[in-house]
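Shown next, in structure tokens, is the structure this report addresses.
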Amino acid sequence: MRWWKKLIFSVISLVWGYVSLDYLYYAFSKLVNAKGNPGHYKPESDGLYQLLGSGMFILWFFITVCYLFIVKRFSTQIDIVEEDYKTGKQTFKKKWTDVVLQSAFIITGIILRWGYIVYIYLPKA
């Protein structure tokens, strides 16, 4: 992959990770009924919020998998051919370097957002 494509994907991954923490927190709060009173559970309204939270989690995973699929499609399509020295059979190894790199940038974005919340936002509150 060219350096400018890696740069664009890296920026997208950092922003996606940075925004994802708030989105996942909101989805988790809907999933565990954080707004309601645990003693007064109403399935007709609270159950709908829990379904919404689980749907939001599934949507986040779907978007992330689609994004990593796009990264895989744009990455270099060269496979590494290795030969087993004992048997002589050739095996093909797929290159996953770009996908692992962008996944690391997503995780880095999440950690940056968490650090911002813990060390900058919460001490002021």
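The values are calculated or read from the model by the stated rules, or taken from the named source; none is laboratory data. Computed from a predicted model, the values in this text were never measured in an experiment. Backbone-built Cβ (ideal geometry, glycine too); neighbour counts: all protein chains shown. For the accessible areas, the whole protein counts, side chains as well, though only heavy atoms, and no ligand, DNA or RNA atoms are used. Shrake-Rupley method; radii C 1.70, N 1.55, O 1.52, S 1.80 Å.
Filtering region 64-100 to residues that are open to solvent by 100 Å² or more (accessible area, probe 1.4 Å) and assigned to a strand (DSSP E or B) leaves E83, Q90, F92. Flag: I106 matches the condition of being at pLDDT 90 or above and among the β-branched types (V, I, T). Selection of first residues in region 88-104 that are acidic (D, E) and of second residues that are surrounded by 12 or more Cβ atoms within 10 Å (Cβ to Cβ), restricted to Cβ pairs under 6 Å at least 6 apart or on distinct chains, gives the following pairs, ordered by first then second residue: D98/M1; D98/V71; D98/S75.
I'd like the full set of residues that are of a type outside the set (S, T, N, Q) and closer than 17 Å to I8 by Cα, limited to region 72-112.
K72, R73, F74, D98, V99, V100, L101, A104, F105, I106, I107, G109
Pairing each residue of region 1-19 that is within 22 Å of Y116 (Cβ to Cβ) with any residue that is β-branched (V, I, T) and open to solvent by less than 70 Å² (accessible area, probe 1.4 Å), provided the two are 6+ apart or on different chains, yields C-beta distances under 6 Å for S13/I106; W16/I106; G17/I106; G17/I110.
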